[in-house]
1. For segment 300-396, please report how many Lys pairs fall under 19 Å Cα to Cα, leaving out neighbours fewer than 8 apart on the same chain.
2. Please give the FRET efficiency for Lys19 paired with Glu436, using the beta carbon to beta carbon distance and R0 = 41 Å, rounded to the nearest 0.05.
3. Give, as a single signed number, the net charge of other residues whose beta carbon lies under 13 Å from the beta carbon of Ser255, with Lys and Arg counted +1 and Asp and Glu -1.
4. Take the solvent-accessible surface of the protein heavy atoms, probe 1.4 Å, and return the percent of it on the chain that carbon and sulfur atoms account for.
5. Positive end of the charge dipole of segment 300-396 (Lys, Arg +1 and Asp, Glu -1 on Cβ, about the Cα centre): tell me which of Ile308, Asn384, Leu355 has its Cα farthest that way.
6. Would you mind getting the accessible area per residue of the chain, heavy atoms of the protein chains only, 1.4 Å probe, in Å²?
7. In Å³ and rounded to a whole number, note down the convex hull volume per residue for the Cα atoms of the chain.
8. List the lysines whose alpha-carbon lies under 28 Å from that of Lys26, not counting same-chain residues fewer than 8 positions away?
Amino acid sequence: MSREDPIKAEKDLSALLDKQFPEIEKLPYKEGVEKLLQLEKQTRQASDVLSSKRVLKQIATILIDNNDWDYLDELIVSLSKKHGQLKSSIQEFIQTIIARLSELDDTNKKQVETKIKVIETIRTVTDKKIFVEVERAQVSRILAEIYLNQFKDLDKAVDILCDLQVETYSMMNFSDKIEYILEQIDLTLQKGDYAQAKVLSRKIMLKSLKSYPEFKKTYLQYLIRISTHEYDYLSTVQHALMLLDLEASPELAVSVVYYIILAKHNPEQHDLILKIKLNPHVTKSVSSHVFHLLELFTTDELIHWHDINRDYADEFAKSEIFKDETNFKNLQKRIIEHNLRTINKYYTQIQLPRLAELLQLSVDDSEQYVSELVNSGMISAKINRPEGIIRFSAPGTSSKASDSSRINDTLNSWCHNVDKLLEEIDSIGHLINKEEMMHGIKQKA
């Protein structure tokens, strides 16, 4: 069982090593390794950390120089299990082996098999050991690359790489953690597992990447891929605008315009449209014809779908965004919703056939859209089916009684949400205490 490094060695064996190493080098390598194993025992029992590291490093070096990876594979297991083995010594031993793994030829089938065997052994002896968690992450990354590049086994590569929670590794550098998580996200996106990619993406905070522009750029590209897959247009626009600040791209600027008009109308969407209209990256890169779409969606005038489809046919055909039929249908929906909000502002009541004519829809479809927008809170209206009339309420108008009722409902809802939040915080506190207790018990064990 491994133990912490002692503050002071019981005996300094460095002079002995200086004397015996030159003699060992003259021996056949197997005899030399046997002598080194005897020295390893002496240094371990004497708690001489520096000498123990030197011996283990020398063992690994001699065996690799003589291409005896099989014997080295056996020693990885046996030496790591030695009673009283020093943690930093076994860490040095494993680091030496990892540094030489690249000497195995990836184009040679037998050597690739040897590399996989050694890596799997290292992964086994480092499992659930905090002092070699970084080394475990390193070999897991190499193994994932082998399965991905040599065997074209994406699923296996994802399983190996995403099995590690590197964000909890206290000994790993921050930049290495970010790079590792980004690679995990990349592989899951290649696999098409967007749900897992989204979970992994939450392990990184954008504000923590201020000093790492390259990481931030890659991370934002992944976030855009995830949000576009989910048709989360607002998130896509927010991430795209951040990416534009890092790297100006005409194609990205055009996509910002398209995605913001595809987003459902709400205060945040409206605020973003106004910001995009003033964004220098967008105003410089986007043609006036495409930029005019922002004007159409911020002006209280009806937009005719047939005119849009005719006037922007060439632009839509060039864009990958509108090759997705869902996006094309959502554009039609956004136009209908814009027209209904505009009608809501100028009409107090309207006949259903007339509304259908203005929306360029059937009567049934017009009624359905009115119902959807009323339910979502975009407009305020009531449908009188027997008379075929829709009565609109001016946005923001209501009686004092209803205003008072709405305020009370809001306050009650807010109080309920606060109580629920406090309950969740209390539950999280209990879970954290439980985890700390379990961790303490494992440490004692």
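1. Lysine pair count for segment 300-396: 4.
2. Approximately 0.25, to the nearest 0.05.
3. Residues close to Ser255 contribute a combined charge of -1.
4. 51 percent
5. Of the options given, the answer is Asn384.
6. Details: 25340 Å² over 445 residues.
The answer is 57 Å² per residue.
7. On the way: hull volume 93.8 nm³, N = 445.
In the chain, the Cα hull volume divided by residue count equals 211 Å³.
8. Lys11, Lys35, Lys41, Lys53, Lys57, Lys82
The values are calculated or read from the model by the stated rules, or taken from the named source; none is laboratory data. Being a predicted model, the structure only gives us computed values, none of them experimental. A quick note on method: Cβ atoms are made from the backbone with ideal geometry, for glycine too, and the neighbour counts reach across all protein chains shown. Accessible surface is based on the protein model in full, side chains and every heavy atom, while ligands, DNA and RNA are left aside. Shrake-Rupley method; radii C 1.70, N 1.55, O 1.52, S 1.80 Å.
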